[in-house]
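Step one of this worksheet: look at the structure below.
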Amino acid sequence: MKKIKYSFEKIISSKLLLNTIQKTLGNIKFEIIKRPGHYIIRPAVENGKTITRILLLSPKGYTGNKIDLLNPHPEARTIRIRVLGKLKPANRGYSPLGREIKFVFSLKRDMPTEKGSPYAKCSKRYCSFRLVSWRNWLYTTRENGWGNFHSLTNLSNDWVAVVLEKNLIDQQPIELKAILDKLPSKQKNEFRDYLSKIKKSGDKIFEYPQLTKLIFNLPTTILVPAFIQMLNIKETGKHEPCTFFALLLKLAKKDKQLVLKEVNKALELKSAPYYYLEDLMKKLKR
């Protein structure tokens, strides 16, 4: 018998998922974020130290940017997940799922990352994995660094729903006024508009290279400290901090010494997340 394939539209409109959203997130406005191998359902506004989301893994889907990449989570003190099971629109409940979710995780926090990004590849040397079933809670990140990089892969041919709870570490406020006040009004507004676009779309900003090219005409002495401050941005599933990390690496091709100087200053002042700053420093000193 041929297996039925359900579209995302069919899944998202199913009564089972809508009931799960209401039960898990409450009767609030929510946002759906599309990633390469999964979808994130999150409250439109996330406040507090603990946030809850629903992940929808597509058939053979994954949570990394690519199937062989792990996501860094330096913003999290702990993350835990609970696999609800396979979601079929006609069913009233989730179908059992036995050892069909592959959880790949790093064994330490300071795992080597790819040359041009904050992501790390799955590696037998630095990673391990386990096969996960449904129902039980599972910690994917702990404060001591275990699992700081991780990814989930759906080995089944069905849609799978996962509840995620993330406990956040304290974050620094973003201080841009003194930096942006050095720009003329027109350039200041253009730069603010660019930052707003990243807040809205995250790493999809790289689908519009001409926009970044235009912003890179602004003084590097403004861009570098501003992007370092933006590493403090809240991560909403769109990989916003990683986007600013990548922009800083691009700026380093124009003025490596300036980026090194500003990153070192930020490390001393603890004005941005240490993980991104330390990883930038390692890459720039290669």
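State whether the residues of segment 141-151 include one that is touching a Lys or Arg at 6+ places or on another chain (Cβ under 8 Å), at pLDDT 95 or above and not small (Gly, Ala, Ser). No: segment 141-151 contains no residue that is touching a Lys or Arg at 6+ places or on another chain (Cβ under 8 Å), at pLDDT 95 or above and not small (Gly, Ala, Ser). Considering only segment 182-194, I want to know if a residue exists there that is farther than 17 Å from Tyr274 by Cα and among the hydrophobic types (A, V, I, L, M, F, W, C). Checking segment 182-194: at least one residue is farther than 17 Å from Tyr274 by Cα and among the hydrophobic types (A, V, I, L, M, F, W, C). Within segment 131-151, the set of residues being surrounded by fewer than 17 Cβ atoms within 10 Å (Cβ to Cβ), in contact (Cβ under 8 Å) with a residue 60 or more places away in the chain and not in a strand (DSSP E or B) comprises Arg142, Glu143. Here the condition is being within 22 Å of the chain's Cα centre (by Cα) and surrounded by fewer than 21 Cβ atoms within 10 Å (Cβ to Cβ); of Thr236, Thr221, it holds for Thr236 alone. For Pro36, the conditions (1) surrounded by 15 or more Cβ atoms within 10 Å (Cβ to Cβ); (2) under 16 Å from the mean Cα position of the chain (by Cα) are fulfilled apart from (1).
If you take the residues in segment 239-272 that are crowded, with 20+ Cβ neighbours inside 10 Å and in a loop (DSSP other than H, G, I, E, B), which one is nearest to the chain's Cα centre (by Cα)? Checking each candidate, the answer is His239. Please identify the pairs in which a residue from segment 242-268 that is not assigned by TED's automatic domain parsing to the domain that holds Leu69 has its Cβ atom under 7 Å from the Cβ atom of a residue that is in a loop (DSSP other than H, G, I, E, B) and of a type in the set (Lys, Arg), counting only partners at least 6 apart or on another chain. Short answer, once both residue conditions are applied: none. If I ask for residues that are closer than 15 Å to Glu235 by Cβ and among the hydroxyl-bearing types (Ser, Thr, Tyr), which ones from segment 58-77 would you list? Result: Thr63, single match.
Per this entry, Pro96 is not counted among residues that are modelled with pLDDT of 90 or more, out of contact with any Pro (no Cβ under 6 Å at 6 or more places or on another chain) and under 23 Å from Leu280 (Cβ atoms). The criterion of at least 2 residues that are closer than 19 Å to Asp255 by Cβ and not β-branched (Val, Ile, Thr) is met, among helices (runs of 4 or more DSSP H) falling completely within segment 152-226, by 185-201, 209-215. All of (1) touching a residue at least 40 places away in the same chain (Cβ under 8 Å); (2) more than 16 Å from the chain's Cα centre (by Cα) hold for Lys188 with one exception: (1). For segment 52-72, a residue qualifies if it is surrounded by fewer than 19 Cβ atoms within 10 Å (Cβ to Cβ) and within 15 Å of the chain's Cα centre (by Cα), and the qualifying residues are Thr52, Asn65, Lys66, Ile67. Any residue in segment 64-81 that is among the small types (Gly, Ala, Ser) and either touching a Pro at 6+ places or on another chain (Cβ under 7 Å) or over 26 Å from Tyr275 (Cα atoms) (or both)? No, there is no match, as no residue in segment 64-81 is among the small types (Gly, Ala, Ser) and either touching a Pro at 6+ places or on another chain (Cβ under 7 Å) or over 26 Å from Tyr275 (Cα atoms) (or both).
The values are calculated or read from the model by the stated rules, or taken from the named source; none is laboratory data. All values derive from a computational prediction rather than experimental measurement. Here Cβ is always computed from backbone atoms with ideal geometry, including for glycine, and neighbour counts include all displayed protein chains.
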